[in-house]
1. So for each of 47-59, 86-98 I average, over its residues, the number of other beta carbons within 10 Å; can you give me the resulting order with the highest mean first?
2. Listed highest first by mean packing, meaning other Cβ atoms within 10 Å per residue, what order do 35-41, 109-115 come in?
3. Using a cut-off of 14 Å between beta-carbons, work out the net charge of the residues near L98 (Lys and Arg +1, Asp and Glu -1, L98 not included).
4. What per residue convex hull volume, in Å³, do the alpha-carbon atoms of the stretch 57-116 yield?
5. How far is helix 64-77 tilted off the main Cα axis of the chain, in degrees rounded to 10, range 0 to 90?
6. Quick check on the stretch 2-115: what are the equivalent-ellipsoid semi-axes from the Cα gyration tensor, as sqrt(5λ), descending, whole Å?
7. In whole percent, what relative contact order does the chain give with Cα contacts below 8 Å and a gap of six or more residues?
Amino acid sequence: MSDVGLTTDHDLNVIDNDLVVLTGLDAKVQKLKQEYKMFLGEWFLNTSKGVPYIQKIFTKQVNVSEVDAILKNVILDSEDVIELISFDLQLNSDRRLLLDFSVRFEEGVATINEVI
């Protein structure tokens with residue numbers, strides 16, 4: 001598996017006028033991040049794909065256990081993920097979700113820390 005590399009702000013990663021191409025574990029981690037960052041209905045070719053951020057997560061009365069289940073399902077439903085090793089989700093005081101998890105792919109284990 002290979003993919004065009006993206007920067008942390010989701011632009012194409014270009015070094016010395018060449019696109020960065022990701023392979024193996026790096027490509028699979030990037031694909032997984034794209035899956036859990038996609039808003040429900042964002043992709044016009046499949047409006048049922050994505051995470052219900054607006055409908056369930058970015059609400060006044062957020063249910064952290066429901067968000068926990070939603071994100072775990074997105075991670076586990078990714079075709080390349082073999083196992084969810086650890087998962088921690090916290091809602092901090094400024095209403096940001098802190099996501100920290102480890103997953104096993106065929107190529108190895110990846111640990112991901114994100115602020116959503």
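1. Working: 47-59: 14.1, 86-98: 11.7.
Ranking the peptides 47-59, 86-98 by packing returns 47-59, 86-98.
2. Working: 35-41: 16.7, 109-115: 12.7.
The peptides rank, most packed first, as 35-41, 109-115.
3. It works out to a net charge of -3.
4. On the way: hull volume 4.5 nm³, N = 60.
So the per-residue Cα hull volume is 74 Å³.
5. 30
6. Numbers: eigenvalues 125, 60, 42 Å².
Here the semi-axes work out to 25, 17, 14 Å.
7. Working: 166 pairs, mean separation 18.4, N = 116.
Once normalised by length, the contact order is 16 percent.
We did not get these values from a lab; they are worked out from the coordinates using the rules stated. As the structure is a computational prediction, the values presented were derived from the model and not from experiment. All Cβ positions, glycine included, derive from the backbone under ideal geometry; neighbour counts span all protein chains shown.
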